[in-house]
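Report on the structure given below.
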Amino acid sequence: MLDAARDLMDSRSFDEIAVREIPDRLGLAKGTVYRYFGSKEEVFLSVLDQDLADYAGEMVIALRPLSGTDDIEAVTEAITACTVARPRLCQLMALLPTVLERNVSEPAALQFKTTVAAAINETSEAVGDALPCLDRAAIPALVVTFYSLVTGLWTTAYPHTAVASAMADPGLAFLKIDFGEHLYASLRALLRGSC
């Protein structure tokens, strides 16, 4: 079911997906989803849960060659590349505080927050190994700040249709941002200010 949800998310936005489409793709009864998940939000929180764990593992691998270098530029490039390559993860992170965490059970929330904590700890270790200039105790807070940057910059770079149309006005062109460029610049500034 999560694979079907991923496929749907890769082709459309969360708002355009009806939960009944998940079992339809699998030839299952419409109510099957609710045997395993309490809501549409829980389905996609579970997708984000798995994606976040994979993302943290990918970042660890990307940062491993930079261990001990204190190369802020290379670390910023590696983290930005891993992030930009995962648009579904970014979209779900942007939905997390206002949508996905609003209609979930306590066990689902606990499972997700446990994954978040593990991802932050795993990523923090890799960042600390690559950038010894950082205070190890402060790195988890930097990672949380980075996740907040992803959330905010994604929603700014990819606004809803009406907002995107309004921003076509030449006088509003300065409000348009490139997600990857802004993420890179923001992360680099965060790391430089912390080393």
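The values are calculated or read from the model by the stated rules, or taken from the named source; none is laboratory data. As the structure is a prediction and not an experimental result, all values here were calculated from the model. Quick reminder, even Gly has a Cβ in these numbers, built from the backbone with ideal geometry, and neighbours come from all protein chains shown. The accessibility values were calculated without ligands, DNA or RNA, using every heavy atom of the protein model including side chains. Shrake-Rupley method; radii C 1.70, N 1.55, O 1.52, S 1.80 Å.
A few comments on the model shown:
- Against the list (1) out of contact with any helix residue (DSSP H, G or I) (no Cβ under 6 Å at 6 or more places or on another chain); (2) farther than 21 Å from V43 by Cβ; (3) in a helix (DSSP H, G or I), the condition P97 fails is (2).
- Pick from segment 104-123, criterion within 16 Å of the chain's Cα centre (by Cα) and not aliphatic (A, V, I, L, M), ranking: farthest from D70 (Cα to Cα): F112
- Single residue of segment 171-195 satisfying the filter (open to solvent by 50 Å² or more (accessible area, probe 1.4 Å) and assigned to a loop (DSSP other than H, G, I, E, B)) that is nearest to G128 (Cα to Cα): C195
- Single match in M59, M9 (criterion: touching a Phe, Trp or Tyr at 6+ places or on another chain (Cβ under 9 Å), in contact (Cβ under 8 Å) with a residue 40 or more places away in the chain and either surrounded by 14 or more Cβ atoms within 10 Å (Cβ to Cβ) or on the phi > 0 side of the Ramachandran plot (or both)): M9
- If you go through segment 62-86 and pick out every residue that is in contact (Cβ under 8 Å) with a residue 24 or more places away in the chain and either touching a Phe, Trp or Tyr at 6+ places or on another chain (Cβ under 9 Å) or open to solvent by 40 Å² or more (accessible area, probe 1.4 Å) (or both), you end up with 15.
- Subset of segment 95-110 (residues that are surrounded by fewer than 16 Cβ atoms within 10 Å (Cβ to Cβ) and not small (G, A, S)): P97, T98, E101, R102, N103, E106, P107, L110
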